[in-house]
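Take a look at the structure below.
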Ligand SMILES: [Ca+2]
Ligand SMILES: [Ca+2]
Ligand SMILES: [Ca+2]
Ligand SMILES: [Ca+2]
Ligand SMILES: [Ca+2]
């Protein structure tokens, strides 16, 4: 196949290799050279008419375009539509799978009804000042010791660089407290030990009070200053975790409906193929999951910037759409205050790769979210309660974004990458999807799925999407993803740090 | 002793325990109750006259104060003097020790002339995406393997949460690059391996170009994407470090003058005694070091806020003083932009502890810097080239501040704490000083020095300062500080993150 069509209604397709003049694309002869990754018109587009890709308007013909013409910045222009927000005007009905026919996976059903895909004991830190203590506690539990607890996936320390030298209220503080609460309550955690220093801004006691967390056999908290030093803290922490292990080991996997899956949709190190192969395939998998009553969580607000008006049209109601617009305004202010910019316009490199407008670029990122209605919009690290396709505010930066998604309750992560990534996460495992076969082969020990076969192997987006969805069920049931088997996830916990470090 | 005098010219002393009326303080009877940590007038201070502590004006009598009176907010007012900057008007001559009589320590003299106090191999990461790779490389070098290289202190991985999802220029980017450069070139590192992902904003190649770093047997760089995946990167990294170890092991300690010591002056978890005991003692040690031609590096700009005009009077010239004022302006803007505040006024808790004005509070922090002229002011993580007492811009937050000081070349850290801290650092060891004997006893396994004996044990600030200075020489020569012996320092590398995470 020399081209990829992303929707039947599109009037352009994307060349999967450099095409000479008179090459055939969907039965039409190309009018001239078309570089790999660039677009070809499959019908005439008169000046002023819309150019459509992803079933969306990505721009307007700035001159008459003939079938077979190369479509790019020389004949396509962007028109800013950002003020024209519409709500719920593009709600495509979802053919829900009847409850009694739904797929299942083998999960850990917790007392509060939530479902885990893994069974960890977590050591959650409030501040960098307790980082070494937490690592030393976790390091004590060697593979030899853990062999006695075959149902426990490990003792994981969640250590970070913030928690003090920050304002004690406002966006940054609230985001950090949501992250801590989210990890403290994550369904992939059988037991949790919180470790602080004692005098930090991000007080564990405040968190317990504010969120109504109560200590018990599987939830404990302590501070180095109260316990009186590092060595005693490490010893006491080891005792506390050791007491949790037999209890945690009692957990067993049972069949749980796919509706209990919350999948973090993520991309990092994107390339020109991300929006053509891996992201649409992940979007298809998300659609399948949503039809099962499950949840997909798109994030990375700066990367959907410019396409937010398309997501508001998919919002189930005005309130959900307004939340998304609120996030966009917040980000404009945040980046301006920090002397950055939300400018997501295609870079020279993007343009060289075939991306013509900001809309096309953002649609490529948003493609991970499929086509179903947007059922909820959440703050960073906020608990995702809606089922269906949802959005969570976060930076694009991979570890910070995934940390928020996991804190929000995601029990699985699916991560597309073009340049290649060695990302992995705990307590929820990451499945990595390559956008191109060259990188998939080169980094074969890191990539779970090669979506590059959509370009070269005659595999459809739907087929690849189904493969991904099946992998969700397998990995959720305990099969190790490649990053998980490699032991990644101990150093990728990065709460989004907003605001001044003081 | 029931009181502490911080300077012969002061007209107040600080009560070291709660004093009843008619208690004797320097031969004067107290007029009423004086809480522990609060001030007592040792002579009459007429309304409008200056109240002096630390040989500085900390406020003005708002009514007539008699000898023996409790001096606090009820009879003392603050007058804002911030516009009245003077330069070089308080330059106290330093009695320099002649070069042939200077103290020495046993250090590692490097080829470029710099002197290390430790001999590590460092794995420096450009981005969180290479964090696990770096840790896995370092973890390979177990104590068994390292036993073959007795002159090498360890293989340390410097891993962090930033490096991408950030602007590629501006304050934040420049600060991160300075940190990387500072660790790459640190005299405590015999060899350095830099590990990146490949597509991150904080490109290793740019750094090597910009700073003129050349690869060689003891300086290597690599990216996961080029090496093709995590496992191969870890294997190659292990090979590269293994090749460095025999070379690094050739380094030997030789006598080096104390003028080669650069000591990071730091405090964290301060209490009401910090400014009375540990900080003045550290200031005295800094004065001794400066007389030897050595360097003290004060930092934590928000904590000296309100006392910067006293530091400009100590500036060796106008340019040095102007740099400090520039930092203060930058911070006012930074915190305002981030909806925080530079307000360092005594909190209700501070006031309860006896601190009356912002000046008194900031002087307590600045006391770590002693009394000698301010010879240089540096950006965060900038190489400190001046000898003498210097200042580096940084947040107060301990790990971020110390990371900047070490990047600036500090080969030793001295850290005062009142509440108690379990901080430690690599590659430069941290000496911890307790401000009070109660905490020193409670956290005895973490505290190297108890400065609380200034209150209770009849020890003078000068005696405690000399004890600290002697410890500088011992620890610089290889004696392990307590935090070092405990193995701290692998998780406390926290580059200051300035600007939006995108
Ligand atoms: Ca992305
Ligand atoms: Ca990302
Ligand atoms: Ca050794
Ligand atoms: Ca401090
Ligand atoms: Ca500090």
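Values in this text are rule-based calculations from the coordinates and carry no lab data. Keep in mind that this is a model prediction, so the values were computed, not measured. For neighbour counting, all protein chains shown are included, and Cβ atoms are generated from backbone atoms with ideal geometry for every residue, glycine included.
Worth pointing out:
- Acute angle (nearest 10 degrees) that the helix B:171-184 long axis makes with the longest principal axis of chain B, alpha-carbon atoms: 70 degrees
- Residues in region B:332-362 that a label on residue B:62 would reach, taking backbone N under 16 Å of a point 7 Å out along Cα→Cβ: B:345-348, B:351-352, B:354-360
- Ordering A:341-347, A:391-397 by mean Cβ neighbour count within 10 Å, with the highest value first, yields A:391-397, A:341-347.
- Across the copies of the chain, residue B:487 has label points (7 Å from Cα along Cα→Cβ) spaced 1.5 nm apart, shortest distance listed first.
- Relative contact order for region A:377-491: 22 percent, from Cα pairs under 8 Å spaced at least 6 residues apart, divided by residue count.
- Here the calculated FRET efficiency for residue A:33 and residue B:206, from their Cβ-Cβ distance with R0 = 41 Å, stands at 0.80, rounded to the nearest 0.05.
- Label 7 Å beyond Cα on the Cβ vector: residue A:24 copy-to-copy distances, nm: 11.3
- Nearest-0.05 FRET efficiency for residue A:9 and residue A:460, computed from C-beta distance (R0 22 Å): 0.85
- Whole-number percent relative contact order across region A:101-225, with pairs defined as alpha carbons under 8 Å at least 6 apart: 32 percent
- Centre separation in Å (Cα based) which lies between region B:117-139 and region B:190-266: 8 Å
- Rounded Å value of the spacing that divides the Cα centres of region A:309-376 and region B:38-103: 57 Å
- In this simple spin-label model, placing a label point 7 Å from the Cα along the Cα-to-Cβ direction at both residue B:479 and residue A:139 gives a separation of 2.5 nm.
- Within region B:231-266, backbone nitrogen closer than 20 Å to the virtual label 7 Å beyond the Cα of residue B:317 toward Cβ: none
- Placing dummy labels 7 Å off each Cα toward the beta-carbon, the span from residue A:345 to residue B:91 is 5.2 nm.
- Solvent-free Debye calculation, one equal scatterer per alpha-carbon of region B:120-248: log10 I(q)/I(0) at 0.09 Å⁻¹ equals -0.23.
- Taking 7 Å steps out from each Cα toward its Cβ at residue A:111 and residue A:148 produces label points 2.3 nm apart.
- Packing-based ranking, highest mean first, of A:238-244, B:451-457 given that Cβ atoms within 10 Å are counted: B:451-457, A:238-244
- Chain A, relative contact order [Cα under 8 Å, separation at least 6], %: 18 percent
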